[in-house]
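Novice: Following this message is one structure expressed as C-alpha cells.
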Amino acid sequence: ADSTPEAKLAVDDFLIALLRRDSTEAAVRESCLMGLGRLCDDDQATEDKRARAELRRTLLSGATSERAFALMALSEAAARHGSGSEPGSALPECREVLLEELARGKSRSRSWAALALGVLEFRLQHQGAEPVLGVREALRRGLAGAAGPDEAGACAVALGLSGDAEGAGALGERLAGPGDDI
C-alpha cells in the first residue's frame, strides 16, 4: 500500500487478472480480494478506482465467500485515507455500497455487510471522524429485521463496533423476543 502508484497498478493488474480467470481456485480468489482491500484507499487514483470497481463487480457475480471478502475489502479501503487526487472522496460511495448490501442483499451478504459497516465506522471513529447516524440506524433496522441468528449476531457486533449506545436497546428488544437467536 505504501508503494509507488506504478507498483500498486502492477499488483492491481495481477490480482484483477487472477480474479477474472475462471480457473483460479477459491482460496486464491479470496486472497486476491484481501490484497485489493490492502492496496486500495479512499482517493481517486487510477489504481484505487480500478480496485474498488473490481470489488463491486465481485459483489454482483462472485461466490458467497468472495462477496464476503469483497465487502470487508471495501470497508478496509474506505477506512484508509489516500494521498492521491481527491482523498476521502470514495468513502461515501463505499459506505453506500455496504449500506445497499445490508438493505437488499441475501441473508449471508447482509451479515457481512453489517460487519463491514461496523469495522468501517470503528476505524473511522478511531481516526477522529464523527459517527454516522445513518449507518447506526441501518444497523438497528438490520438487527430488528434479521432473518436468523447469524445475521442478528453480525448486526449486534456491528452496532457495538460503531459505538452505538442506542443499539443496546435494539439488542435488548431482540433478546426479549421469542426464540434464542443471538
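Novice: Would you kindly state how much longer the chain becomes between GLN44 and SER65 on full extension, computed as 0.36 nm times their sequence separation minus their alpha carbon distance, in nm to one decimal? All intermediate terms of the calculation are to be shown ahead of the outcome.
Specialist: Numbers: separation 21, 0.36 × 21 = 7.56 nm, distance 2.73 nm.
Result for the pair: 4.8 nm of gain on full extension.
Novice: For the chain, what does the alpha-carbon gyration tensor say about shape, rounded, prolate or oblate, given a ≥ b ≥ c as the root eigenvalues, a/c under 1.5 as rounded, and a/b over b/c as prolate?
Specialist: Details: a/c = 2.87, a/b = 1.55, b/c = 1.85.
The shape class here is oblate.
Novice: Suppose each label sits 7 Å from its Cα in the direction of the beta carbon; what would the ALA144-GLU6 distance come out to in nanometres?
Specialist: It is 5.5 nm.
Novice: Summarise the accessible area of the stretch 44-182 (1.4 Å probe, protein heavy atoms) by the percent that is carbon and sulfur. Could the numbers behind the result be given before it?
Specialist: Values: 3660 of 6560 Å².
Carbon plus sulfur share of accessible area: 56 percent.
Novice: Once Lys and Arg get +1 and Asp and Glu get -1 on their Cβ, which of ALA7, LEU60, MET34 lies farthest toward the positive end of the dipole of the stretch 1-70?
Specialist: LEU60
Novice: Once every Cα of the stretch 74-182 carries one equal point scatterer and solvent is ignored, give the base-10 log of I(q)/I(0) from the Debye formula at q = 0.10, 0.21, 0.23 Å⁻¹, two decimals.
Specialist: Scattering profile of the stretch 74-182, log10 relative to I(0): -0.27, -1.03, -1.19.
Novice: Based on the Cβ-Cβ distance from ARG20 to ARG104, what FRET efficiency comes out when R0 is 30 Å, to the nearest 0.05? Walk me through the intermediate numbers first.
Specialist: Values: r = 25 Å, r/R0 = 0.85.
FRET efficiency, ARG20 to ARG104: 0.75.
Novice: While we're on this one: Which one of ALA158, GLY145, LEU171 has its Cα pushed farthest toward the positive end of the charge dipole of the stretch 39-182, where Lys and Arg give +1 and Asp and Glu give -1 at the Cβ?
Specialist: GLY145
Novice: Further question: Only four residue types carry charge here, +1 at the Cβ of Lys and Arg and -1 at the Cβ of Asp and Glu. Report the dipole size of the chain about the Cα centre in Debye, rounded to the nearest 20. Before the final figure, lay out the partial values.
Specialist: Details: 22 positive and 30 negative charges, 82 e Å.
Dipole of the chain, to the nearest 20 debye: 400 debye.
Novice: Please tell me the relative contact order of the chain in percent, rounded to the nearest whole number, where contacts are Cα pairs under 8 Å and at least six residues apart. Mind showing how you got there, number by number?
Specialist: Working: 259 pairs, mean separation 29.0, N = 182.
Computed value for the chain: 16 percent relative contact order.
The values are calculated or read from the model by the stated rules, or taken from the named source; none is laboratory data. Fair warning: this is a prediction, and the values are worked out from it, not measured in the lab. Neighbour counts are summed over all protein chains in view; Cβ atoms, including those assigned to glycine, are modelled from backbone coordinates with ideal geometry. When the accessible area is computed, the model is the full protein with side chains, heavy atoms only, and any ligands, DNA or RNA have been set aside. Shrake-Rupley method; radii C 1.70, N 1.55, O 1.52, S 1.80 Å.
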